[in-house]
Every structure is written in C-alpha cells, then in structure tokens.
Amino acid sequence: MTPGSRRYNRRKYSKDTNDHIFFVLVILLAAAVYAHQAKGHIREQRIVEIISVVVGIVGLVLFVKLLGKLIQRRATQHFPQSLIDSMSGTEFELYVSQLLPGQGYKHIQLTEHYDFGFDILAEKEGATWGIQVKRHSSPVGIEAVRQAVAALKHYDCDRAMVITNSSFSGPAQELALSNNCVLIDKQQLMRWTSPGLLPR
C-alpha cells in the first residue's frame, strides 16, 4: 500500500505536469492520424512524417525534463552547511525531501503542518518511512525521537527517522537505538549532499 492510499492529510508535493505529456502527445497523434484517414488524404509517408515529428517532440521534452532534474539535483548537492543552517524549518524540510530520491526513497510526500510527529513520508524497499526533520542550532533532544516513534501508528508507517542539520543528544540516541529509529545528523546529511555518492 502506497503512502497515497493511507489515511492522512498531506501538503502537496511537487508533481510535475510533464509526467503526462507523453500520453497527451500520443492521443494527439492518434487524433491527427484518424482525422487524415477520415478525409482520405493520408499516405504512408505522411504517417511516418507525423510519427517522426511526435517522437522528436517527446524526445525533446524528456531531454529538457531530465536536464532540469540534473541541474536541480546538482544545485541541491552543493549547498554549503552555512546556507543549510540559515534555512527556515519549511525550507529545510523541502531540501531534505529533494535529497531523499538520491538515497533510494520513492513516493515522497510532505505531511500537513500539524504536530503529529512526521514531516515527510516516503517508501524504500517496500517499507514506508516516517521522517521528522529538525533544523536546530543545538543538539536535538529525546522529545523528537519520542514524537517520531509515537507517530508510526498514526501514519501507518513501518520505520521512523529523524534528520537534523545539527547533532543528537545522548538520551535521544539511546531511545532511537532501542526503538529502531534511524538518526541522520549533520555529518551524515552532508555525505548525502556530497557529489558522486551512490544511493544507500
């Protein structure tokens, strides 16, 4: 069951309108071919020309889309720590959500701004992850881990994770260890942003 089928409110995560452009172009091609056939003016050569044009347009759109994603990912990967530390909480959540695909996570969604414990929901290797994001200037305490663990049932998640631009207190690390909650601190987060790293 995907996060989209679970029962919770969520913020709208960026869904590219180009995702359906290929389907739309195929429909337009079929309509054009049908219209020409109906008028009896179409020839095999003309059909090949139309198909070639549509394929070229689709290829160009996909190339531009891929190039845009590569540029965005490269820009995200080179964010210096000082800029990360100056982000707002919402900006940091979005930044982390953009890093997750590089670590193998899919179906990434931002939750609503309610204090239910998770900011991001994602899937990886068949497991649904609930992720709490903390942009702090001091070590993240045990309460963040407690909230994440408690939110598992509410969001129907399999695993919990807390990500910060800072570090974690000793009690937070102990509670996370005993509850199988993954902690990502500043050092690990910066490794995510380092170019050339393979998804883990």
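Computed quantities for the displayed model
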quantity: Qualifying residue in region 156-169 (condition: within 26 Å of residue 86 (Cα to Cα), of a type in the set (Phe, Trp, Tyr) and modelled with pLDDT of 95 or more); calculated: yes
quantity: All positions within region 80-109 that are part of a helix (DSSP H, G or I) and charged (D, E, K, R); calculated: 85, 91, 93
quantity: Long-range neighbours under 8 Å by Cβ, at least six apart or interchain, first residue over 17 Å from residue 144 (Cα atoms) within region 99-126, second part of a strand (DSSP E or B) and among the hydroxyl-bearing types (Ser, Thr, Tyr); calculated: 122/128
quantity: Enumeration of residues in region 110-136 that are within 15 Å of residue 159 (Cα to Cα) and assigned to a strand (DSSP E or B); calculated: 120, 121, 122, 123, 124, 127, 128, 129, 130, 131, 132, 133
quantity: Residues located in region 157-185, provided they are in contact with a Phe, Trp or Tyr (Cβ under 8 Å, 6 or more places away or on another chain) and either in a helix (DSSP H, G or I) or among the charged types (D, E, K, R) (or both); calculated: 158, 159, 176, 185
quantity: Filtered residues of region 110-159 (kept if touching a Pro at 6+ places or on another chain (Cβ under 6 Å) and surrounded by 20 or more Cβ atoms within 10 Å (Cβ to Cβ)); calculated: 121
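The values are calculated or read from the model by the stated rules, or taken from the named source; none is laboratory data. In this text the structure is predicted, and so the values were computed from the model without any measurement. Neighbour counts are summed over all protein chains in view; Cβ atoms, including those assigned to glycine, are modelled from backbone coordinates with ideal geometry.
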